[in-house]
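Reading through the structure tokens given below for one structure.
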Amino acid sequence: MTEPKKYVLSGPNGADTFRNLPEGTKIATIYGGAGEITANPGDGAYVLVRFTEHENAALVGQEEYVFFNEVREATE
Amino acid sequence: MVAIIRARGDRSIRDYIDPERGTVSRELYVNPDIFEQEMEQIFQRCWLFLGHESQIPNPGDFVISRMGTEEVIVVRDRKDNQIRAFLNSCRHRGMKVVRYDQGNSLIFTCPFHAWTYDTTGRLVGAGFQHSPEAYCGTLPKEEWGLAEVAQFKNFYGSLWATWDPKAPSFEDYLGPFAESLRHCLQSSDGVDAGLDMFTPFQRHRLPTNWKVPGFTSVTDLTHTAMTHRSASAAKLHQDRGSKGGRDRTRNAAPFPMNKYAIGDHNLGHGGMCTLYHQPGVPEYEEEWYEEGVDDYFREATARKSKLLADKIMAPHGWGGGHFAIFPSVMVDSWRLRWWQPHSVGVVERWTLSGIDKTAPKHVRDGVRHYSERFNGPVGFFESDDMENWNYVFPASQGARARKLDYFFANGKGLGKYNDRLPGVVFNGSYTEEAQRARFSRWLAFMEANSWDDLYPVNKSADHRIW
Amino acid sequence: MVDTPNAARQALEDVVLKHELEQFLYLEARLLDERRHEEWLDLLADDLHYWMPMRRNIKFGDWDLEFTSMDEEINWFDEGKDILAGRIRQLKTGVHWPEEPVSRFEHIVSNVELVSVDGDEIRVNSKFFCYQNRLQDEVNQFVGRREDLVRRDPDTGFKLVFRKLILAQNVMLPKVLNTFL
């Protein structure tokens, strides 16, 4: 089994990579939240994430826009 | 010396217009304080034209428009498909949120601190919104959405808005001209099938006061012979190309009995119009330059004539003229041209034109090419207007020149009320009645404390000043 | 590096052709500056398509959205020789107010690039800078690129068949564009 691909969000190509993260990408936030991208507005700032884990329990199962510097890891 | 008005409701503004002589002080066109007051008293209150629904057909589509000096984002919501309009200014620190002319978006993200708004204008994110060192959960997003227009109207596909919650409905604002506008937004056979507008907006700058073109164009037929002398001399006909079809009828019958100028002093709208009446629209006149376009319109006209038999139609802009909606929109069939003030001496001209959704390609092309070569800075007709409208400003601005008045008395007192047409009606075209009507309404706006003083318009609150 | 007689001949032909094209483009500019509009009109093919799209403010990468479409949208110019001839008739009336008094135009053409040759038809790109000075202090500047297709012609050397004008403006800032670029 191959390791799922981790996107490189730092460095000169990081913003463009973030801008093009596809739907379904797994996202982990620096606050311990986790979920999946349901839409990417392509603005280089946000991805829309449906949370499966969230520090605020009320947001589990909800969608929220996540700012790029709150993303700890993006995985295929 | 006349005092410069500084406060709302200051009646000294009335001193600038002399209804007896039929004059308007040049000060109204060159004084920056008056301009600021106009932006507050007129452009914050009136219904203004934003664009057309066909420019943003899909959920998430947006286009940047203007309301006077300010930009607005006109956007079709992704969920409910509704079109809304928002001031293009971030609620955080005022940055222009959207800098692209048009597009399709999930959210609008400010490039300054990443406050971001969805297509209903709701604030849905901000940079560091979850950081324990930043907002700490104290950003009340529900209070910080984009500033939305107070009222919005999709009128047969045309999009309008006002910043004033107390403004009357769009139909009431237009009064009898609502029906006229509807006719101009119909397909050429008179059916409410909707139009396809040609994107994008045609936009160009003109260094003059917005009222110079805004209060005269489409209601100033005495300018045509001289201003547009070159277009007629070079056989570039002003209307649809260069065949000159309409010239023939104009020369044959200089004043057909159904040609009127109207100026509605209570609403500020007015223009030149033909009153279509039973048995319907007049016989079709060949007027298009491109091959085959006349065939299409001749056939559409026949259907329209049938549809409208027995009806007295509202005045509108096909085959007879055009009209203006206060403060600065010119309307013809399938074409709107309007003036966006930038500063006391700079105005931007916008044009949007279109044609029947179902029109075949050669007709679309004919109408589109006509719009390209007629309008704006490369328009062989309007380029002559631009020169005159431009140099009015510097020649009126000087300390000596601004003490003079402009003459607005052409046809004053010769128009009459008429039970079939709105406002003051002049049988013929060469009057300044509609321009006087706009100043009647202008004064009402400048003096009014709120829409309570401006509407309802009735005989007991007659705003006609001359 | 030129390493065969054929390649050398080709290179020389290209240099000569580029020189001829430059002379053609400079002549065009001079005729317009000297208000010899009808002579300029003679340099246009009867089937000329003269196109200046509008340009949108776009996101990096959205290149397809930048120019208005020739077929569907509003352009600054999208017309043929017949309409251009009409514009010249208008300039000559002596009562076309944005050109009365006449402007001082200076058309500067540079960056001439020979793109391709296909029989009699040649693609040539260039840049224009057009400075307009009129009355006492009215100044307008039109700057941009051109993508031209010209056809060899026995009388005038070449005739212009297609011109795409890429003007570096979004809102047209001058009130009137009354010359040809």
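Within the stretch B:190-212, the set of residues being under 26 Å from B:PHE439 (Cα atoms) and either aliphatic (A, V, I, L, M) or more than 11 Å from chain C (Cβ to nearest Cβ) (or both) comprises B:LEU206, B:ASN209, B:TRP210, B:LYS211, B:VAL212.
Before we move on, is B:ASP384 of a type outside the set (Gly, Ala, Ser) and either within 29 Å of B:PRO176 (Cβ to Cβ) or out of contact with any Phe, Trp or Tyr (no Cβ under 8 Å at 6 or more places or on another chain) (or both)? Spelling it out, it is not the case that B:ASP384 is of a type outside the set (Gly, Ala, Ser) and either within 29 Å of B:PRO176 (Cβ to Cβ) or out of contact with any Phe, Trp or Tyr (no Cβ under 8 Å at 6 or more places or on another chain) (or both).
Could you tell me whether C:GLU73 is free of Cβ contacts under 8 Å to residues at least 40 places away in the same chain and within 14 Å of chain B (Cβ to nearest Cβ)? So C:GLU73 fits the description; yes.
Restricting the search to strands (runs of 3 or more DSSP E) fully inside the stretch A:1-59 and requiring at least 3 residues that are free of Cβ contacts under 8 Å to residues at least 12 places away in the same chain and of a type outside the set (Ser, Thr, Tyr) gives an empty result. Checking B:ARG246 against (1) at pLDDT below 80; (2) surrounded by fewer than 14 Cβ atoms within 10 Å (Cβ to Cβ), only one condition comes out false. Which one? Exception for B:ARG246: condition (2).
If you scan the stretch B:213-227, which residues turn out to be within 14 Å of another protein chain (Cβ to nearest Cβ) and crowded, with 22+ Cβ neighbours inside 10 Å? Before you say what the answer is, go through the steps one by one.
From the stretch B:213-227, those within 14 Å of another protein chain (Cβ to nearest Cβ) are B:213, B:223-227; that's our starting set.
If the condition is that a residue be within 14 Å of another protein chain (Cβ to nearest Cβ) and crowded, with 22+ Cβ neighbours inside 10 Å, then B:PRO213 is the only one that fits.
Residues that are within 7 Å of chain B (Cβ to nearest Cβ) and more than 26 Å from C:SER103 (Cα to Cα) within the stretch C:27-70 comprise C:ARG56, C:ASN57, C:ILE58, C:LYS59, C:THR68, listed in sequence order.
How many residues does the stretch B:376-390 hold that are without any contact (Cβ under 8 Å) to a residue 24 or more places away in the chain and over 20 Å from C:ILE74 (Cα atoms)?
From the stretch B:376-390, those without any contact (Cβ under 8 Å) to a residue 24 or more places away in the chain are B:378-379, B:382-383, B:387; that's our starting set.
Adding the requirement that they be over 20 Å from C:ILE74 (Cα atoms) leaves B:387.
Here the count works out to 1.
Do we have B:ARG99 as touching a Phe, Trp or Tyr at 6+ places or on another chain (Cβ under 8 Å), outside the structural domain of B:ASP452 (by TED's automatic domain parsing) and not in a helix (DSSP H, G or I) here? I'd like the intermediate steps shown before the answer.
Working: touching a Phe, Trp or Tyr at 6+ places or on another chain (Cβ under 8 Å): no; outside the structural domain of B:ASP452 (by TED's automatic domain parsing): yes; not in a helix (DSSP H, G or I): yes.
Against the criterion (touching a Phe, Trp or Tyr at 6+ places or on another chain (Cβ under 8 Å), outside the structural domain of B:ASP452 (by TED's automatic domain parsing) and not in a helix (DSSP H, G or I)), B:ARG99 does not qualify.
Screening B:ALA134, B:ALA150, B:ALA126 for residues that are away from chain A (no Cβ under 14 Å) and either surrounded by 18 or more Cβ atoms within 10 Å (Cβ to Cβ) or small (Gly, Ala, Ser) (or both) leaves exactly one candidate, B:ALA150.
Within the stretch A:14-69, the set of residues being acidic (Asp, Glu) and surrounded by fewer than 18 Cβ atoms within 10 Å (Cβ to Cβ) comprises A:ASP16, A:GLU23, A:GLU36, A:GLU53, A:GLU55, A:GLU63.
Here is a list: C:LYS59, C:LYS92. Which entry is in contact (Cβ under 8 Å) with a residue 40 or more places away in the chain and of a type in the set (D, E, K, R)? Talk me through it step by step, then tell me what you get.
On the way: C:LYS59 fails: in contact (Cβ under 8 Å) with a residue 40 or more places away in the chain.
The match here is C:LYS92.
The values are calculated or read from the model by the stated rules, or taken from the named source; none is laboratory data. Values in this document were obtained by computation on a predicted structure and should not be read as measured data. Using ideal geometry, Cβ is built from the backbone for each residue, glycine included, and neighbour counts are taken over all protein chains shown.
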